[in-house]
Amino acid sequence: MRSTHRAGDPAGSVVTLRDTTALRVLSGRAEKARERLKLLSDAGVRISSSLELTGTAEQLVDVAVPRFADIVTVELLEPVLRGEEPEPPYEPLAPHRTAVGGIPPEAPVFRVGERVVYASATPQSRAVKAGAAVLQIDPTGTAEWPVGYGAEARHLLDRGVHSLITVPLRFRGVTLGLATFRRTRRGEPFDEADLAIAGELAVRTAVCVDNARRYAREHAMVAALQRTLLPSRLPDQDAVEVASRYLPAQGAVGGSWFDVIPLPGARVALVAGKVPGQGVHAAATMGRLRTAVQNFSALDVSPDEIISHLDELVTCLDLEHDPDAHGSRITGAGCLYAIHDSVSGRCTLARAGDPGIVLTRPDGTVDIPAMPASPPLGHGGKPFEAVGLSLPAASRLVLYTNGLLQGPGRTAGTGLDLLRRALEAEPDLGPDETCRSLFDTVLPARPSDDVALLVARTRLLDPKNVAEWDVPFDSAAVAPIRATCARTLRAWGLEDAVYGAELVISELITNALRYGTPPVRLRLLRGRDLICEVSDGSSTSPHLRRAATTDEGGRGLFLVAQFAQRWGTRYTPYGKVIWAETALDGR
């Protein structure tokens, strides 16, 4: 409204009227278009933020409720959950419900994790069959329900569900699942424009679901490789009671490993190791190093020599690869190797790199053995040192990789304090209970690396099951020693083992007297097996050979190999020990 007054003229005014109804309609449409574009923009960012199938489906639900729909369900076909690509036909349609949003707790009609069977007349089946979104406006809401819901559907119908859009999640022509969007009485029914929005959400979700499916498949392959390379069960032996745990990092498989290796003479080797990196290369490299440790253990040398051999191997393996090749380096790996002798109670340890060990004594005292700092494997330049400990029976050895201690917002020192307190709080737990307790109390909520944990409780062989004799360096001493051993075996209740043991003892003592040097000593150990050890002062190693028909000797070790379960030689600072094990349980 404006004045029209001019000098000399009568006063007046002009009023301009404008109908803004159409403008408001256009503004409303523009605002709705902006909201839809913002929805699609947010969906593109959030849905792609996860590489997990469940996480991807949940992100779609979080974006769509309540900005686009009041109730949303996302269902994936079973092969997708296994990391496989589904193949048509998709009949009968029976996907697994992966994510649900908008359902109140008091009316849980849709339950995550259940398998849903859709009849052919439902919008879901029609959408998958047509490969396109289906819009249904149904005041009663009964047409969308799969078989088996019955009265439960009434809870949702009471909320006034009046329309739905169901759209298949398709990528490269393959249906991976479907998403269903529902609106209740609080909002307007879906229209044709909403079909385009639902279709765009489904396209973006399908791309991310396929990425997550491929990642799940690759992760499953690496995890399967890791499982085959780690021990599926720990070996039976008398030296320790042992339990173990392995936990991959969040969404990844690393190169941590553990091992328990029975050694002759009622001893056992405990191993924990870590290869840098994650994925297939780390898992495969871990398998190579674990195999190498087992082979080096067959040499029956001290832990520091084992670590030195492993260090040389890592250096040689890295020389085979281009130093610029990504993920092909092994340098930086760590390994802790410990040998426990159940006869003497002596434990010898050596370490390279990060794997740690904590000792709990029977009185509950927790101790961290002082071990010389050693560089990781492959760096070389410094000799590795071994540390010896005397352990009473029922001591606990806890071997671990740093993933047990470190995590987001936590240092290794903080984790080590938690570990000490956890072990002090429960000193009487067995190995398996200790593993469970440490995973509950010490393990970070989201470990930044994979975890290998090995807990061993020491045992000592009863002195009644150990017999030792000094053997005169005279071939005439063989028969008396053999008779004495036979009496000992009968006193132990091993009547059935006397014949084979006599033969093994005769051959080993004769071999030491003929080819070795004094002093000669015989030791018998009774555990789950009968162990016969003959030591002498020579470092000459015997070897098994096939004697010719005309040879007068050379069959002694052949007979030992036939009567014993296994036999071998280990070296000591003062000579060597030839040992043979005879099974006592019919093996």
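So here's what we get for this one:
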| read-out | value |
| --- | --- |
| Residues located in segment 180-190, provided they are touching a strand residue (DSSP E or B) at 6+ places or on another chain (Cβ under 8 Å) and open to solvent by 60 Å² or more (accessible area, probe 1.4 Å) | PRO189 |
| Filtered residue count, segment 457-503, keeping only those that are open to solvent by 70 Å² or more (accessible area, probe 1.4 Å), under 30 Å from LEU429 (Cβ atoms), touching a Ser or Thr at 6+ places or on another chain (Cβ under 9 Å) and not basic (Lys, Arg) | 1 |
| Complete set of residues in segment 66-114 that are β-branched (Val, Ile, Thr) and either surrounded by fewer than 18 Cβ atoms within 10 Å (Cβ to Cβ) or in a strand (DSSP E or B) (or both) | ILE71, VAL72, THR73, VAL74, THR98, VAL100, VAL112 |
| Only one of LEU299, LEU247 that is within 20 Å of the chain's Cα centre (by Cα), open to solvent by 40 Å² or more (accessible area, probe 1.4 Å) and modelled with pLDDT under 90 | LEU247 |
| Top-ranked residue of segment 1-47 - restricted to ones that are in a helix (DSSP H, G or I) and more than 60 Å from the chain's Cα centre (by Cα), ranked as farthest from ALA202 (Cα to Cα) | THR21 |
| Condition broken by ALA352, with the remaining ones in (1) at pLDDT below 90; (2) open to solvent by less than 40 Å² (accessible area, probe 1.4 Å) satisfied | (1) |
| Single residue of ALA127, ALA132 found to be under 21 Å from ASP191 (Cβ atoms), open to solvent by 30 Å² or more (accessible area, probe 1.4 Å) and at pLDDT 90 or above | ALA132 |
| Residues of segment 481-523 classified as part of a helix (DSSP H, G or I), among the hydroxyl-bearing types (Ser, Thr, Tyr), closer than 16 Å to SER541 by Cα and touching a Gly at 6+ places or on another chain (Cβ under 9 Å), total | 1 |
| Selection from segment 216-236 of residues that are open to solvent by 20 Å² or more (accessible area, probe 1.4 Å) and either polar (S, T, N, Q) or out of contact with any helix residue (DSSP H, G or I) (no Cβ under 9 Å at 6 or more places or on another chain) (or both) | ARG217, HIS219, ALA220, ALA224, ARG227, THR228, SER232, ARG233, LEU234, PRO235, ASP236 |
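Conditions (1) within 23 Å of TRP567 (Cβ to Cβ); (2) under 12 Å from the mean Cα position of the chain (by Cα); (3) of a type in the set (Lys, Arg), marked per residue:
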position	(1), (2), (3)
PRO231	no, yes, no
LEU234	no, no, no
GLU241	no, no, no
GLY255	no, yes, no
PHE258	no, yes, no
PRO262	yes, no, no
ARG267	yes, no, yes
ALA272	no, no, no
VAL275	no, no, no
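The values are calculated or read from the model by the stated rules, or taken from the named source; none is laboratory data. Computed from a prediction, not measured in an experiment: that's the story for all the values here. Quick reminder, even Gly has a Cβ in these numbers, built from the backbone with ideal geometry, and neighbours come from all protein chains shown. All accessible areas refer to the heavy atoms of the entire protein, side chains included, with ligands and DNA or RNA removed. Shrake-Rupley method; radii C 1.70, N 1.55, O 1.52, S 1.80 Å.
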